[in-house]
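One structure below.
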Amino acid sequence: MVRIPWLKADVETAAKRLLGCELWATLHGGVVRLRIVETEAYHQTDAASHSYKGKTPRTEVMFGPAGHVYVYFSYGMHYCMNIVTGESGEGSAVLIRAAEPLGGIGLLRANRPGIADPQLINGPAKLCKALGVDKTWNGHDLSKPPFKLIERPALKPDQVVQTTRIGISQAKDVPWRFYIKNSPFISKA
DNA sequence: CTCTGGATTGAC
DNA sequence: TCAATCCAGAGG
């Protein structure tokens, strides 16, 4: 059951709306709270999306209900985390690229020893590493503990920057990356 | 079965 | 600038 109605809206709207929302996770017995500051939208009709060529075993959860986590493994060493959006049957999701620690930062540091705070979670794979997210979380419903998405009021439009996505070779021109203006926690521009 | 390239990161 | 290091997806 989706408790956040706008997650079922179009993926561009959802990507924008996820900025400022929080992720709460239980880690090593403590609670970590993050504020999402950077997102990217991916859709079935988008050549850069894993769902572009239709449903496959890997992308199955992208086609499932909104509000679940889609985790994929890449470059032989990294995990990245998405939040599934849209109606079931539609292959869309929002990549969480960076966040701001609100609580439990010590637990994040424990997962990334030797890394300075500004680099703790300012990238999609860094975020997963710090949160201990791997494929075992693929498909998890974010309305349930121990890993939850908490809705927050929408940001004012002038606080949101819209630009092109990072690290892709297809559809480079599609402006589906969003981040909170002036946030020091976004990934490298 | 084999081959290719990637929604990245951090060390040089 | 580039290696690390695996696997999904495509083609045979």
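Read the figures in this text as sums done on the coordinates, not as results from a lab. Given the structure is predicted, the values throughout are model-derived calculations rather than measurements. Don't worry about glycine lacking a Cβ; one is built from the backbone with ideal geometry, like all the others, and counts go over all protein chains shown.
Of all residues in the range A:87-138, those being loosely packed, with under 15 Cβ neighbours inside 10 Å, part of a loop (DSSP other than H, G, I, E, B) and out of contact with any Lys or Arg (no Cβ under 8 Å at 6 or more places or on another chain) number 6. Count of the range A:147-181 residues, restricted to those that are under 22 Å from A:ALA48 (Cβ atoms) and either of a type outside the set (Asp, Glu) or under 17 Å from the mean Cα position of the chain (by Cα) (or both), is 19.
Does at least one position in the range A:59-74 carry a residue that is assigned to a loop (DSSP other than H, G, I, E, B), within 11 Å of DNA strand B (Cβ to nearest atom) and closer than 18 Å to A:HIS140 by Cβ? Spell out the reasoning first.
Taking the range A:59-74 and keeping what is assigned to a loop (DSSP other than H, G, I, E, B), we get A:59, A:64-67.
Remaining after also requiring within 11 Å of DNA strand B (Cβ to nearest atom): A:59.
Next, from what is left, pick out any that are closer than 18 Å to A:HIS140 by Cβ: A:59.
Yes, the range A:59-74 contains a residue that is assigned to a loop (DSSP other than H, G, I, E, B), within 11 Å of DNA strand B (Cβ to nearest atom) and closer than 18 Å to A:HIS140 by Cβ.
Checked against (1) in contact with a Leu (Cβ under 7 Å, 6 or more places away or on another chain); (2) over 21 Å from A:LYS188 (Cα atoms), A:GLU100 passes all but condition (2).
On the given criteria, is A:TYR70 more than 16 Å from the chain's Cα centre (by Cα), surrounded by 14 or more Cβ atoms within 10 Å (Cβ to Cβ) and closer than 17 Å to A:TRP176 by Cβ? Criteria not met by A:TYR70. Looking across the range A:164-179 at every residue that is closer than 12 Å to A:ALA41 by Cβ and without any contact (Cβ under 8 Å) to a residue 24 or more places away in the chain, the one that is farthest from DNA strand B (Cβ to nearest atom) is identified as A:PRO175. The residue list A:GLY114, A:GLY104, A:GLY167, A:GLY123 contains one member that is over 18 Å from A:ASP10 (Cα atoms), in contact with a Ser or Thr (Cβ under 7 Å, 6 or more places away or on another chain) and not hydrophobic (A, V, I, L, M, F, W, C), which is A:GLY123.
The set of residues in the range A:163-178 that are hydroxyl-bearing (Ser, Thr, Tyr) and in a loop (DSSP other than H, G, I, E, B) comprises A:THR164, A:SER169. Please enumerate the residues belonging to the range A:43-55 that are near DNA strand C (Cβ under 8 Å from one of its atoms) and closer than 18 Å to A:TYR79 by Cβ. Once the filter is applied, which keeps residues that are near DNA strand C (Cβ under 8 Å from one of its atoms) and closer than 18 Å to A:TYR79 by Cβ, the range A:43-55 yields only A:HIS50.
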